[in-house]
Every structure is written in structure tokens, then in C-alpha cells.
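Following: one structure in C-alpha cells, then a few remarks.
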Amino acid sequence: MPKTINILGVTGSIGQSAVDVIEANPERFSVNLVTAHTNEKQLNKIAKRINAKKTVLTGRDNLSEALQESVDITLCAIAGMAGLSSMMLAIKHSKAVAIANKEPLVAAGEQVIRAANKYGTKLLPVDSEHNAIFQVFDCDRRAEINKIILTASGGPFRKWSLEQMEKATIEQALAHPNWSMGAKISVDSATMMNKALEIIEAHYLFNIPANQIEVLVHPQSIIHSMVEYIDGSVLAQMGASDMRTPISNVLDWPDRLSTPGYKLDFKTVNDLSFEQADNIRFPALGMAYECLEKGQSACVAFNAANEIAVDSFLEGCIGFLDIMDCVGHILKNINIISLNNIDDIYEYDNNIRAESRVYINEITNRVVLVS
């Protein structure tokens, strides 16, 4: 029997890669639901291509009713915190949930894991790094794992000085050397905020302490992440820089699909190099460990401030280095509180976003006054 599947955020880069996988394996899937935020024309076009039974525009319609129907797997690819509520519903009504958006797990990791355990839902990571760990992480021998190693490309500014980054343009920040991604995650890669969020995400997904999570810069993006065991063995997952590979891995898990994505050709691999991550030029990495130490509310603030700052940068309101300046300012001034449920998280998240906008307005006004 084909697997029944929902794709939330089908018009984004992850959603469209999933469509490629489904079209390459049409006998394996029956598409129940596809969603988009506002792009109705593209949504309908994609729905027709993969014979989706239902479509929902999340910017206009309520998604909750459409997610009540049980399915085998839901791919959650709605960008940012906007995907949290739908992810929680998907966990309740899906046998498996493929998580492609970092932010909900970063902000609500405790609640997401608790819900998955309650409903017996398998959480499958789509991020290339977490999917790599998922493939080589022996859950039955957790005590024998020494650490996990998240690899990072280093982004477009890997060799740039702070003085150079201060003058970085939007176009330069979006020019990732290895991956084709949306604007927000491309900027996060340039600040290495994406890797910082992945530290927090890995902590929740694999139930592993922060001090057992390491980041290593690997410019070629061939080794997507590694797991080191106590005997010194290091298991790595390798592949081409193509999101269709991890998407194929999760959509038909525990089986494997033939992927339409690029395959790694070792005859063309001339070098595998590694560098220590620079916490001075890329302070988001250190902030991630700080947030895990402080607790969930700090993780919410970390993500919320970044989303607002990245939006402001993409709108041309602030400079590139102002992104992490804003995030750092918010983290220094937050109140650490208990967040007991999703409503608490959303309220706190909204408050942090408001504070971030105030701080960005102050930055903007200072620039205007100086000029």
C-alpha cells in the first residue's frame, strides 16, 4: 500500500524537493494534503502534479481541521515559528512526522518530544546534518556514544574578517557556496545561526547533553555529520549537497527510496578538510550553548530575536553584523521564566519579537543620527 502523506509548506525549497521525490516514486505515496502560505497558483499547480486530495492556504484558512485525518507521514516544512502549531497537530494525527524546520523544535523541544512520546509518533529529521546523525546514531547503545559532530560549510563568509562582514550586502549573504536554500536559512548560514539552532535541535532530537555536541567546519559539505563512539570509531554519513537525499531517507523510512537527487562521485572528490569553528566571528555558536544552559525560554528568545533581525536585514533596515548584535542584546536582557505549554511559548515569543523590533528601531535611529 502507498504511504499517505501531508506536505506542509509545499511551495518552499524543501516542499518542492519532496515533490521531486514523490514524482520519482509515484507508486509509494498517496498525497492527502499540501499547503502553502499565500501562493495559491503555485499550490494548485503542485497539487495537480502529485494528485493531492486537498489544498489549504495557511495565510487564509485554518489548517487544524485539515490535519485531523490520520496519515502515515507529515512533512513539516513551514518556515519559522509559524510551523509550531501545525507540527503539534501533525504529531497527534501522523504515524511519523518529518521535521524540516528547525525553529519549532528549538523553541518547543520539550513539548514536541513529550507529544511524540504520548502519541507514539516517530520524529524523523530532514535537516541534512540531523538526518546524517539519525542514520549513524545507535539508539540502543546510547551509553557508548561519546559525542556527535555537526559539520558546517562555514557559509559565504567563512574566510571574511569582521570588518568585511560589517559591509556585507544582502546578495552576498544569500550566496551560499554549496546549497540552494531559501533567503532566511541562507542568511542563517552566513551568520552560522543555522548551526547554532542545530545544536539546540540535536540536543532535543537525540536526547544528548550539550557538552557532547561539537561543531566542525567542513567546507566541502560532503560529510553531513558524524557520531563518535567511546571506542574511538567515528561513523559519518556522506552524500552530495542535495536535500532530496535526506528527504528520500525520511519519507520512506525505514526503507530506502531511489532518489532523483545528485549522487556523490568520489572520483571528483579531491579534498575533505576540517576547521575549528570561530566563535568570535560567529558568536551564535556560543550563544546556543548558553541558551541550553539557561533553559527553554532562552532558546525561544534566541530564535525569535534572530527571526526579527534577519527579516530586518533582508528588508535593508540593518547591517549584517547587526543581526547577531540584536540577538546578543536580547539574550542579555531577557527574563528566564517557565513555559508550561504552547500558549506560553507563543506569548513569550511575541514579547521577544516586540522587544527585538524596539531594539532594531534604536539601531536604525542611531544610524540615521550619525549619517
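The values are calculated or read from the model by the stated rules, or taken from the named source; none is laboratory data. Source: prediction; values computed, not measured. Methodologically, a virtual Cβ is constructed for each residue, glycine included, from the backbone with ideal geometry; neighbour enumeration extends over all protein chains shown.
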#### Entry: Test: residue in segment 99-111 that is assigned to a strand (DSSP E or B), in contact (Cβ under 8 Å) with a residue 24 or more places away in the chain, buried (at least 22 other Cβ atoms within 10 Å of the Cβ) and touching a Leu at 6+ places or on another chain (Cβ under 7 Å)
yes
#### Entry: Per-region count, segment 203-222, residues touching a helix residue (DSSP H, G or I) at 6+ places or on another chain (Cβ under 8 Å) and among the β-branched types (Val, Ile, Thr)
3
#### Entry: Answer residue from segment 83-122, given it is over 14 Å from ILE200 (Cβ atoms) and either assigned by TED's automatic domain parsing to the domain that holds GLU307 or basic (Lys, Arg) (or both) and is nearest to the chain's Cα centre (by Cα) among those
LYS122
## Note on the structure
Of (1) surrounded by 13 or more Cβ atoms within 10 Å (Cβ to Cβ); (2) not assigned by TED's automatic domain parsing to the domain that holds ILE200, LEU264 satisfies every one except (2)
